[in-house]
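Engineer: Input: one structure, supplied below.
The values are calculated or read from the model by the stated rules, or taken from the named source; none is laboratory data. These numbers come from a predicted model, not from an experiment. Virtual Cβ from ideal backbone geometry, glycine too; neighbours counted across all protein chains shown. The area values use the complete protein model at the heavy-atom level, side chains included, leaving out ligands, DNA and RNA. Shrake-Rupley method; radii C 1.70, N 1.55, O 1.52, S 1.80 Å.
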Amino acid sequence: MPNQDAMTREDEGLRLRGARRADRAATIVLGALVAIVCALVAALVFYVLSRGGAKLFDLSFLTGRPQQFKAGGGIGPELFNSFYLLFLTLLISLPLSMGAAIFLTQYAPAGPVTTAVKTAIETLSSLPSIVVGLFGMLVFVLFFGWGFSIISGALALTIFNVPILVRVMQQALEAVPQGRRDSSLALGLTRWETTIHVLIPSAIPAIVTGVVLSAGRVFGEAATLIYTAGQSAPALDFTNVDLTSPTCPWNVFRPAETLAVHIWKINSEGVVPDLAVVSAGSAAVLVACVLVFNILARVLGRALERKVTAA
Amino acid sequence: MMAEMTVERPVDAATTAAGDGRRTTDEALRCEGLSVAYGEKQALAPCDMTFAPSTVTALIGPSGCGKSTFLRCLNLMNREIANCHVGGHIWFHGQDALAPGCDVYDLRRCIGMVFQQPNPFPLSIYDNVAYGPRRHRRLSRAQLDEIVERSLRRVGLFDEVKDELKKSGLALSGGQQQRLCIARTLAVDPEVLLMDEPTSALDPISTKMVEGLMRDLARDHTVIVVTHNMQQAERVSNRTAFFYLGELVEVGPTKELFSHPRERRTQDYLSGRFS
Ligand SMILES: Nc1ncnc2c1ncn2[C@@H]1O[C@H](COP(=O)(O)OP(=O)(O)OP(=O)(O)O)[C@@H](O)[C@H]1O
Ligand SMILES: [Mg+2]
């Protein structure tokens, strides 16, 4: 009997040692994988910034007009277009996806229709962006006859953005503790009041994080816009408030090349002599903006989380 | 439909004979042939029970026997669960809460519920308590202040938090959070309070406070509490109901039920022969 005890103890010891070795090995392998990912990101950012980083502080580059044939062009209109398109896209896609997410998580009865809608949204979110762009061209540019315009681009970007936002918001709403929702209903409040006053405030940190991250994706999107918002950036006159004039910055029916499209275009068909410099500078600005979005997402998310849970 | 069933139902001694749903003075809430099924699966066999005003009724029984299911019926929270079917009648103020015309929002305001996990809203302490009243009625700032203070005082929380009403309800301790949730429910002035294991997530001191609160609330409320703690049932309740495997086995005055249970199954449960 004591012998057997010793045996099992030894077995146990061996097993433990094996498990610990496996655990150590896993730690090393996983650590290495994470290191590779980090190195990739760092290398990419470093490369882009080292080539065009200087342009980040070059005011004449950031605000100047692009040049067709001579060196020294800027990216002013492109930068403005990128932000304006992002703003319009969020303006359209936020209420849409919020409504869809609330409906899917709070109102839709579980059933074949809901499952179909959820599958459709997931499919939409994995659609290649060039396909979304070509669809946008067929529908908005040609069928509705809006031409290459900001509105066509913003709507195409909405198709690109809504599925991502719906999923983010759905997850955020589903993560709200069930008891919180039940407590509100048990006070005699309707589902709508519960959604507005309890669920959304509870989910807002996660929603904001998701929205800002998706904004980074929209900001850097090119394929969707090439055939919808177009590849030309007419000169903008910020004193012009005539919404039908092609030089009015706020006119949504004017063509608008964004920063990402600009990079694609000068690299594929540009003829300016300082092409490499402009392209590297634009890329640096783009990457810097996306980085800022990502940091903003974290900071805002955390700040809101703190505001909601304490103080 | 229910009356035609031949199964013998445990008869609550306090049940009044009136079958027309008329409210008698010693009745705040009465269930008649109340049954619940989740999909095809019956979770609660038809049962009758009467709750007298200004009493605490404890619901006891092993896990999964249908206590929460029964409790959730009483303020129609089961409506929120897809494929949950409730049969029978729940008479409240002479009206059948299960009849199609019943206003579920009004009913829930009169029959409040406190849950097992303390779950304040992500709002300030003040807004947590003001939440219900604000939605239901137009109130002046002063009226609202008065309701918040009265509700917080009732649960003994006002002196602890009066200087930090702007602080988030989530920043309180677990016991304080649960009392805040009770205050939030009291703020809409319910007649009946349903509590589903309200102290199971609390430490002994907070538990004592909440138990004292239940006794105090029973002066002008009808309190129905689910508990796994036999001592708690003995300490706080006037009447106790024992559920077993989706069936109401026995209900009676707490002292009587604990000292002389009529049913064998109650006896076995109380002596810990099954859990
Ligand atoms: N939403 C639901 N869907 C399907 N079945 C359910 C649901 N809720 C409860 N049930 C079933 O109904 C029965 C009673 O559950 P209930 O939650 O009422 O038990 P309980 O007495 O409150 O148990 P506990 O003491 O563990 O809280 C259980 O068999 C459970 O599996
Ligand atoms: Mg329960």
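Engineer: Starting from residues that are among the hydrophobic types (A, V, I, L, M, F, W, C) and away from chain A (no Cβ under 14 Å), keep the ones in the range B:78-101 and report whichever is nearest to ligand 2 (Cβ to nearest atom). Break it down into steps so the answer makes sense when it comes.
Structural biologist: Our first condition is that a residue be among the hydrophobic types (A, V, I, L, M, F, W, C); within the range B:78-101, this holds for B:81-82, B:84, B:86, B:90-92, B:97-99.
If we keep only those that are away from chain A (no Cβ under 14 Å) as well, we get B:86, B:90-91, B:98-99.
Details: B:V86: 16, B:I90: 19, B:W91: 24, B:L98: 21, B:A99: 26 Å.
Looking at residues that are among the hydrophobic types (A, V, I, L, M, F, W, C) and away from chain A (no Cβ under 14 Å), I get B:V86.
Engineer: Now for a different question. When you look at B:R219, is it at pLDDT 90 or above, of a type outside the set (S, T, Y) and under 13 Å from B:V155 (Cα atoms), yes or no?
Structural biologist: No.
Engineer: Of the residues in the range B:50-74, how many are among the polar types (S, T, N, Q) and within 15 Å of ligand 2 (Cβ to nearest atom)?
Structural biologist: 3
Engineer: A follow-up question, please. Whether any residue in the range B:116-123 is within 16 Å of ligand 1 (Cβ to nearest atom), under 30 Å from B:D163 (Cα atoms) and open to solvent by 30 Å² or more (accessible area, probe 1.4 Å) is what I want to check.
Structural biologist: Checked the range B:116-123: at least one residue is within 16 Å of ligand 1 (Cβ to nearest atom), under 30 Å from B:D163 (Cα atoms) and open to solvent by 30 Å² or more (accessible area, probe 1.4 Å).
Engineer: Does the range A:189-211 include one or more residues that are open to solvent by 50 Å² or more (accessible area, probe 1.4 Å), farther than 20 Å from A:N294 by Cβ and either of a type in the set (S, T, N, Q) or away from chain B (no Cβ under 14 Å) (or both)?
Structural biologist: Within the range A:189-211, none of the residues are open to solvent by 50 Å² or more (accessible area, probe 1.4 Å), farther than 20 Å from A:N294 by Cβ and either of a type in the set (S, T, N, Q) or away from chain B (no Cβ under 14 Å) (or both).
Engineer: Only residues that are away from chain A (no Cβ under 14 Å), more than 12 Å from ligand 1 (Cβ to nearest atom), open to solvent by less than 10 Å² (accessible area, probe 1.4 Å) and among the aliphatic types (A, V, I, L, M): list them for the range B:42-77, please.
Structural biologist: Residues satisfying the conditions are B:M49, B:V56, B:A58.
Engineer: Hey, any hits in the range B:96-110 for a residue that's within 16 Å of ligand 1 (Cβ to nearest atom), open to solvent by less than 20 Å² (accessible area, probe 1.4 Å) and modelled with pLDDT of 90 or more?
Structural biologist: No, the conditions are met nowhere in the range B:96-110.
Engineer: Quick check on the range A:217-234: of everything there that is part of a helix (DSSP H, G or I) and open to solvent by less than 10 Å² (accessible area, probe 1.4 Å), which residue is farthest from the other protein chains (Cβ to nearest Cβ)?
Structural biologist: Among them, the one singled out is A:L225.
Engineer: Say we look at the range B:175-221 and pick out the residues that are assigned to a loop (DSSP other than H, G, I, E, B) and open to solvent by less than 10 Å² (accessible area, probe 1.4 Å); which of these is nearest to ligand 2 (Cβ to nearest atom)?
Structural biologist: Taking the range B:175-221 first, the residues assigned to a loop (DSSP other than H, G, I, E, B) are B:187-191, B:197-203, B:218-221.
Still in the list and also open to solvent by less than 10 Å² (accessible area, probe 1.4 Å): B:187, B:190, B:198, B:218.
Details: B:A187: 25, B:P190: 20, B:P198: 12, B:A218: 21 Å.
In this case the residue turns out to be B:P198.
Engineer: When you go through (1) closer than 20 Å to A:P95 by Cβ; (2) within 14 Å of another protein chain (Cβ to nearest Cβ) one by one for A:V168, which number turns out not to apply?
Structural biologist: All conditions are met except number (2).
Engineer: Same structure again: So if I check each of B:L217, B:L194, B:L180, which one is within 14 Å of another protein chain (Cβ to nearest Cβ), of a type outside the set (S, T, Y), away from ligand 1 (no atom under 16 Å from the Cβ) and in contact (Cβ under 8 Å) with a residue 24 or more places away in the chain?
Structural biologist: On the way: B:L217 fails: within 14 Å of another protein chain (Cβ to nearest Cβ); B:L194 fails: away from ligand 1 (no atom under 16 Å from the Cβ).
Criteria check complete, one pass: B:L180.
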